[in-house]
Each structure stands twice: as structure tokens, then as C-alpha cells.
Amino acid sequence: MHIEEIKKELEIELGQRLYRHSIGTMEEAEKLASLYGCDISKARIAGLLHDCGKIRCKDNLKHAKKSAELAQTKFGVKDKSIINAIMHHTTGRVNMTFLEKIIFIADKIEPNRHYEGVEEIRKEAYNNIDEAMIKSLESTIEYVKNRNMVLDMESVNTLNYLKEGK
């Protein structure tokens, strides 16, 4: 499916707010991919589709898996690197590819995101993507703990892995 067709489908399905977020993530992913020498086409598709399953998934922690599944079945994405980037955009994972890192951080810093610390993470994303991920993961983990929410241990594993690599 061509990217313009995907956009039309998502605009109908996602609703205005989530669609705007998906476009923002796609555009941010494109900029980061260009900066870091990653495949821009793959970054655009992964960024656009990263939340395509969110409205179909009652459990927010599992929407990345649903989105990866829909990217394959509904939108015809066959590239495993794109599927993995979508699959791991919420928690990260140990030993992420650059495309996975780009989609992870683009989701967190796209222009429609407004939360404490986002400007610092945005700035860092264009200097050192691993440092930006560390800041983002630390912020997310603190947020989840402070609200007694369920913490996905994959986020902790990802954070520890990135910190060890410093």
C-alpha cells in the first residue's frame, strides 16, 4: 500500500488527535533518519503506522503488538525491520536497531507531545539518540511508578542496556 493510501485510511480510522500524532511521529522519524543516515522510507512508514492498532486495543501496554500485526495484515508491510520498529516503540528492547531507536524517540518527541522534560529530550535526540532514549525511559519509568501503574520490565531492561553501553 502506498503511503498516501495509508494516510487516508488512518485519517478515517484513528480520529483527529491520534492521526495528528501519527503524522507528527512520521515527520519526526523522517528528520531523525535523515540526520542519522537511516532509511527514510522505512522510518516514514514505521512512524506513520506505529499506533495504527491503538484504538483496537483495550490494553494500552499491548497496542504496539496490535499495531505491528495490523501493519502486516491490513497495510501489507512485509519488511521485518519496520515491523520490529513498530513492535518495540513503547518499551524499547535490548540491542535495538537504529530504525527502532528512531521510531521509539520520534513517538516521544513529535511536535504534538507536551510534557515535562520533552524539550530536553527533543534537543538530545538530535545530538545523541541513546542519551535521548535514556532520558525518555527514565522519565517514563518515574511517571509510571509515581502513579502506581503497571511497569513493563522491558523498559527497565532497555534502560539498563543503554546505560551499560555508555
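Results, tabulated for the structure shown:
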{"item": "Meets criteria (of a type in the set (Phe, Trp, Tyr) and touching a Leu at 6+ places or on another chain (Cβ under 9 Å)) for Tyr143", "result": "no"}
{"item": "Verdict on Arg93 being in a helix (DSSP H, G or I), basic (Lys, Arg) and in contact with a helix residue (DSSP H, G or I) (Cβ under 7 Å, 6 or more places away or on another chain)", "result": "no"}
{"item": "For Ala125: the one exception among (1) buried (at least 16 other Cβ atoms within 10 Å of the Cβ); (2) free of Cβ contacts under 8 Å to residues at least 40 places away in the same chain", "result": "(2)"}
{"item": "Residue selected from the stretch 96-122 under the condition part of a helix (DSSP H, G or I), of a type outside the set (D, E, K, R) and without any contact (Cβ under 8 Å) to a residue 40 or more places away in the chain, by the criterion surrounded by the fewest Cβ atoms within 10 Å (Cβ to Cβ)", "result": "Val118"}
{"item": "Selection from the stretch 86-95 of residues that are surrounded by 21 or more Cβ atoms within 10 Å (Cβ to Cβ) and of a type in the set (Val, Ile, Thr)", "result": "Ile86, Thr90"}
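No value in this document is a laboratory result; all are computed from the given coordinates. This structure is a prediction, so every number in the text was calculated from the model and none was measured. A quick note on method: Cβ atoms are made from the backbone with ideal geometry, for glycine too, and the neighbour counts reach across all protein chains shown.
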